[in-house]
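The next block holds one structure in the form of structure tokens; read it before the comments.
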Amino acid sequence: MTKTLFETAKPILEQLIDHQFQAFFVGGSVRDYLMGKSIHDIDITTSATPDEIESIFPRTVPIGREHGTINVIFEDDQYEVTTFRAEGQYSDHRRPNEVYFVRELYEDVKRRDFTMNAIAMDINYHIHDYFEGYKDIKNNIIRTVGDPIERFTEDALRILRGLRFQSQLSFNIEPSTYEAMKRSIQDISHLSIERIVVELTKLTQGTNVEQSFENLKSFNAFEYIPFFKQYDLTKIELTESTDWLLFLAILKAQQPQVNANLSELKISNNDKKQVSHYKSLIQALPKVQSKNDLKVFVYDFGKANILHVLSHHTQLNKNNIAKYSPLIINKETIEEIAAQLPIMQRKDIDINGKDMIEYTDKKSGPWIKDALRQIEIAIIKGEVKNLKSDLLEWVKVNVKIS
Ligand code: ATP
Ligand code: MG
């Protein structure tokens, strides 16, 4: 077990305590620490109010002041310090109408989602565990703090968080928590798509994704999520950790007749491009019938992308897409071809549109793009050398200019 991050952050807790406040580590880092996993970021919870936190530490950033979170900068690291907080009523299934700063740890941990996430730990590594979270961790159980129906009705994101933790931690969902997830699932339609995407991204990547994905499907969760509601998710199998963008590409490749726009997921343009690149790659796989085809395929899609998609061949198979010949397409041949590609991109061709216009005396037009594609393929297949004089000669003989 690694204590290092807690040790580095200890002076912050000590300072708060020196000023007569209570201060604890809390949340995911304590859960992961108790599970013997490595921890990446720590959350600190304290009885000090944001004003009090700011008066104690010289360098702070008020990143979430209205809900009690102040970042404390200490020895070039930033730590999230949040005031003990209780929550008012919820009326929109996504956030409380108001939050109150309180002085009792119990009030703060009571509003947290799962027992395993509601454990506070002090500077001496003693845990303050009001809801038997450590016992649940030892038994691999995900259980809400308090009545699950109430907790999911308050904030439906907890349903998706629960399923995402099931995927990441391979824990079981306690029966009444599970039943409440099923009953409240339609409330996820009130969540912002950004928050849903954050959880789904982590879920598809988890090692236990098979089980949590089955749960999502059996709850009909996707019917309440933009973009996905247009697809038939019952046809999708996800049985191993799969990155989110590849998962989206598999869905699109399996059901190309569906006209759904990735913009509905509010993912970045780069992510959208990567999804459509993966999708085209998947769709092109069955068309690769010879070593020469494979050369063009490696050139077009890139070794890293291809190897990544092929590492998920089980997923492709299970979803009935991209049947391909392993005799032609395999890691060794791809590595070999990638190492020998005469050009890496269109820019590397030794002639350009201007050269062709000059040489052929034709007007510029769409033929240039077609010709460059033909030239590129011929170079990749080794039919012509990437040398200006050879290429111009080749154009004369092979390219029909209309
Ligand atoms: P991760 O390891 O993915 O960061 P985490 O449990 O730390 O998991 P965070 O989103 O970082 O998740 O949240 C920190 C803590 O805040 C949680 O452990 C939990 O105690 C509390 N929390 C977060 N989201 C909610 C929520 N929607 N409802 C109630 N408590 C929540
Ligand atoms: Mg966290």
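Looking at segment 196-217, I want the residues that are at pLDDT 95 or above and have a partner that is basic (K, R) and assigned to a helix (DSSP H, G or I) with Cβ atoms under 8 Å, at least 6 apart or on another chain. Which pairs are those?
E199/R161; E199/R164; L200/R164; K202/R164; L203/R164; G206/R164; S212/R164
For segment 244-271, what are the residues that are within 14 Å of the chain's Cα centre (by Cα) and not polar (S, T, N, Q)?
W244, L245, L246, F247, L248, A249, L265, K266, I267, D271
Out of all the residues in segment 52-84, which are part of a strand (DSSP E or B) and away from ligand 2 (no atom under 16 Å from the Cβ)?
Passing the criteria: T60, V61, P62, I70, V72, I73, F74, T83.
Specify the residue that is surrounded by the fewest Cβ atoms within 10 Å (Cβ to Cβ); the eligible residues are those in segment 13-31 that are part of a helix (DSSP H, G or I) and of a type in the set (A, V, I, L, M).
I17
Can you pull out every residue in segment 137-173 that is near ligand 1 (Cβ under 10 Å from one of its atoms) and either farther than 24 Å from R95 by Cβ or acidic (D, E) (or both)?
Correct list: E154, D155, L169.
Being among the small types (G, A, S) and within 11 Å of ligand 1 (Cβ to nearest atom) is the requirement here; does G88 meet it?
In short, no.
Quick grid of which residues meet (1) assigned by TED's automatic domain parsing to the domain that holds A371; (2) aromatic (F, W, Y); (3) within 28 Å of I375 (Cα to Cα); (4) in contact (Cβ under 8 Å) with a residue 12 or more places away in the chain:
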site	(1), (2), (3), (4)
F247	no, yes, no, yes
A253	no, no, no, yes
V275	no, no, yes, yes
L285	no, no, yes, yes
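Being farther than 20 Å from D113 by Cα, within 16 Å of ligand 2 (Cβ to nearest atom) and within 16 Å of the chain's Cα centre (by Cα) narrows it down to one residue among Q168, Q205; which is it?
The conditions single out Q205.
Output the qualifying pairs, or none if there are none: Cβ atoms under 9 angstrom, residues six or more apart or on different chains, first residue in segment 32-43 and not assigned by TED's automatic domain parsing to the domain that holds T115 and assigned to a loop (DSSP other than H, G, I, E, B), second residue more than 8 Å from ligand 1 (Cβ to nearest atom) and among the polar types (S, T, N, Q).
none
Which numbered condition trips up T49, out of (1) closer than 18 Å to R103 by Cβ; (2) within 16 Å of ligand 2 (Cβ to nearest atom)?
Result: T49 passes all but (2).
Residues checked against (1) in the same structural domain as G302 (by TED's automatic domain parsing); (2) crowded, with 16+ Cβ neighbours inside 10 Å; (3) in contact with a strand residue (DSSP E or B) (Cβ under 9 Å, 6 or more places away or on another chain); (4) of a type in the set (A, V, I, L, M):
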{"site": "E332", "(1), (2), (3), (4)": "yes, no, no, no"}
{"site": "K363", "(1), (2), (3), (4)": "no, no, no, no"}
{"site": "W367", "(1), (2), (3), (4)": "no, yes, no, no"}
{"site": "D370", "(1), (2), (3), (4)": "no, no, no, no"}
{"site": "A378", "(1), (2), (3), (4)": "no, yes, no, yes"}
{"site": "V384", "(1), (2), (3), (4)": "no, yes, no, yes"}
{"site": "E393", "(1), (2), (3), (4)": "no, no, no, no"}
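Residue under question is A304, and the condition is that it be in a helix (DSSP H, G or I), touching a residue at least 12 places away in the same chain (Cβ under 8 Å) and of a type in the set (G, A, S); does it hold?
Against the criterion (in a helix (DSSP H, G or I), touching a residue at least 12 places away in the same chain (Cβ under 8 Å) and of a type in the set (G, A, S)), A304 does not qualify.
Do we find a residue being in the same structural domain as R158 (by TED's automatic domain parsing) and in a loop (DSSP other than H, G, I, E, B) anywhere in segment 259-272?
No, segment 259-272 contains no residue that is in the same structural domain as R158 (by TED's automatic domain parsing) and in a loop (DSSP other than H, G, I, E, B).
What is the residue count in segment 24-41 for residues that are within 9 Å of ligand 1 (Cβ to nearest atom) and aliphatic (A, V, I, L, M)?
3
Within segment 130-209, which helices (runs of 4 or more DSSP H) (wholly inside it) include 3 or more residues that are more than 30 Å from S268 (Cβ to Cβ)?
Qualifying helices (runs of 4 or more DSSP H): 133-138, 148-154, 175-184.
Restricting attention to helices (runs of 4 or more DSSP H) lying wholly within segment 330-402, give those where 2 or more residues are under 19 Å from N292 (Cα atoms).
331-340, 367-380, 388-398
The values are calculated or read from the model by the stated rules, or taken from the named source; none is laboratory data. Quick caveat, the model's predicted, so the values are computed rather than measured. Because the Cβ atoms are built from the backbone with ideal geometry, glycine has one as well, and the counts that use them run over all protein chains shown.
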